[in-house]
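The values are calculated or read from the model by the stated rules, or taken from the named source; none is laboratory data. Note that the coordinates shown come from a computational prediction; the quantities given were computed from them, not determined experimentally. Heads up, the Cβs are rebuilt from the backbone with ideal geometry, glycines too, and the neighbour counts pull from every protein chain shown.
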Amino acid sequence: MLQRCVLQRILHRFHSGGPEPPRSLLYGRPAALLCGHRAASPRRSSTGLPHVNEQTLIVVKPDGVQRRLVGQIIQRFEQRGFKLVGLKMLRVSEDLLSQHYCQLTSKPFYPSLLYYMTSAPVVVMVWEGHKVIQTSRTMVGHTNPAEAQAGTVRGDFSMHVSRNVVHASDSLEGAQREIQLWFQGNELLNWDCWDQTITCEE
Ligand code: UDP
Ligand code: MG
């Protein structure tokens, strides 16, 4: 509770034009992160230059885990050329989920979404690469699988909006907020991928 108050004060100062809070303070206390909170400054690569690559949060939802689709979903992101920088399996709490879906809490489907998402484990990942946020939304497909194109994850593996297999962040701000919500700083690895200069000119 004390930590929550301290973090809320820090974030309030940040929003009202104060100095940016240290990243170490933002990590580690997911419950204190607010909806719409701006993420900390970009990480630096081993060369000391700012990271230009985007990161996004991908969640294999309970139906995807139950149907043993985790491997196929990971494979799609790997073969596209993106770099996996964080991965874990967990049973998500209602608290975390309500923050993750903070813009949806008033929707009529929210109670069943909450029930479904907390009903079984999920696999949550952070993927990094050139325009990974936009590209992964395209790879995941339309929210409603009935409208999702074949070739997308939802278009290939699902048929109903309430069981659409996977989550992908939908914007830069959303991705930064969600990554900080689900992962602590030391759970993300900054590693050099050997094929990086072959798959991308940056
Ligand atoms: N959802 C649902 N019923 C709806 C709309 C959405 O159960 O009518 C669920 C679905 O699991 C969806 C999630 O709520 O993936 C989040 O909705 P959003 O509009 O953010 O879609 P997404 O970003 O996942 O494509
Ligand atoms: Mg969404």
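Restricted to the range 153-166, and to residues that are surrounded by fewer than 20 Cβ atoms within 10 Å (Cβ to Cβ) and within 20 Å of the chain's Cα centre (by Cα), which residue is farthest from Ser93 (Cα to Cα)?
Within the range 153-166, the first condition is being surrounded by fewer than 20 Cβ atoms within 10 Å (Cβ to Cβ), and the residues that meet it are 155-156, 159-163.
This time we only want the ones that are within 20 Å of the chain's Cα centre (by Cα), so: 161-163.
Working: Val161: 22, Ser162: 19, Arg163: 18 Å.
That would be Val161.
In the range 158-202, which residues are at pLDDT 95 or above, of a type in the set (D, E, K, R) and closer than 18 Å to Thr135 by Cα?
Asp170, Glu173, Glu178
Name the single residue, out of those in the range 149-180 being within 14 Å of ligand 2 (Cβ to nearest atom) and part of a loop (DSSP other than H, G, I, E, B), that is nearest to Gln66 (Cα to Cα).
Selected residue: Val165.
Filter the range 186-202 down to the residues that are under 22 Å from Lys88 (Cα atoms) and surrounded by 14 or more Cβ atoms within 10 Å (Cβ to Cβ) and list them by number.
Within the range 186-202, Glu187, Leu188, Cys193 meet the criteria.
Give me the residue from the range 96-111 that is more than 14 Å from the chain's Cα centre (by Cα), surrounded by 11 or more Cβ atoms within 10 Å (Cβ to Cβ) and outside any loop (DSSP other than H, G, I, E, B) and, out of that set, farthest from ligand 1 (Cβ to nearest atom).
Only one residue tops the list, namely Ser98.
Considering only residues that are assigned to a loop (DSSP other than H, G, I, E, B), polar (S, T, N, Q) and over 20 Å from Gln79 (Cα atoms), which ones fall in the range 181-202? Full working, then the answer.
Restricting attention to the range 181-202, the residues satisfying the condition of being assigned to a loop (DSSP other than H, G, I, E, B) are 183-184, 188-195, 200-202.
This time we only want the ones that are polar (S, T, N, Q), so: 184, 190.
Selection gives Gln184 alone.
Filter the range 137-146 down to the residues that are assigned to a helix (DSSP H, G or I), free of Cβ contacts under 8 Å to residues at least 40 places away in the same chain, within 15 Å of ligand 2 (Cβ to nearest atom) and over 15 Å from Asp63 (Cα atoms) and list them by number.
Arg137, Thr138, listed by residue number.
Applying the selection to the range 112-123, what residues are of a type in the set (A, V, I, L, M) and either within 14 Å of ligand 1 (Cβ to nearest atom) or free of Cβ contacts under 8 Å to residues at least 60 places away in the same chain (or both)? Full working, then the answer.
Step one: filter the range 112-123 for residues of a type in the set (A, V, I, L, M), giving 113-114, 117, 120, 122-123.
Listed by number, the residues that qualify are Leu113, Leu114, Met117, Ala120, Val122.
Only one of these is basic (Lys, Arg), at pLDDT below 50 and away from ligand 1 (no atom under 16 Å from the Cβ): Arg91, Arg29, Arg76. Name it. Talk me through it step by step, then tell me what you get.
Values: Arg91 fails: at pLDDT below 50; Arg76 fails: at pLDDT below 50.
Going through Arg91, Arg29, Arg76 in turn, just one is basic (Lys, Arg), at pLDDT below 50 and away from ligand 1 (no atom under 16 Å from the Cβ): Arg29.
Quick test of your reading of the structure: Trp127 fulfils all but one of (1) over 14 Å from the mean Cα position of the chain (by Cα); (2) aromatic (Phe, Trp, Tyr); (3) surrounded by 15 or more Cβ atoms within 10 Å (Cβ to Cβ). Name the failing condition by number.
(1)
Take Gln134 and decide whether it is surrounded by fewer than 19 Cβ atoms within 10 Å (Cβ to Cβ) and closer than 30 Å to Trp191 by Cα.
Numbers: surrounded by fewer than 19 Cβ atoms within 10 Å (Cβ to Cβ): yes; closer than 30 Å to Trp191 by Cα: yes.
Spelling it out, Gln134 is indeed surrounded by fewer than 19 Cβ atoms within 10 Å (Cβ to Cβ) and closer than 30 Å to Trp191 by Cα.
Give the residues of the range 165-202 that are touching a residue at least 40 places away in the same chain (Cβ under 8 Å) and charged (D, E, K, R), sorted by residue number.
Listed by number, the residues that qualify are Glu173, Arg177, Glu178, Glu187, Asp192, Asp195, Glu202.
State all residues of the range 120-136 that are farther than 15 Å from Ile74 by Cα and within 14 Å of ligand 2 (Cβ to nearest atom); if no residue qualifies, say none.
First, the residues of the range 120-136 that are farther than 15 Å from Ile74 by Cα: 120-121, 130-131, 133-134.
Result: Ile133, Gln134.
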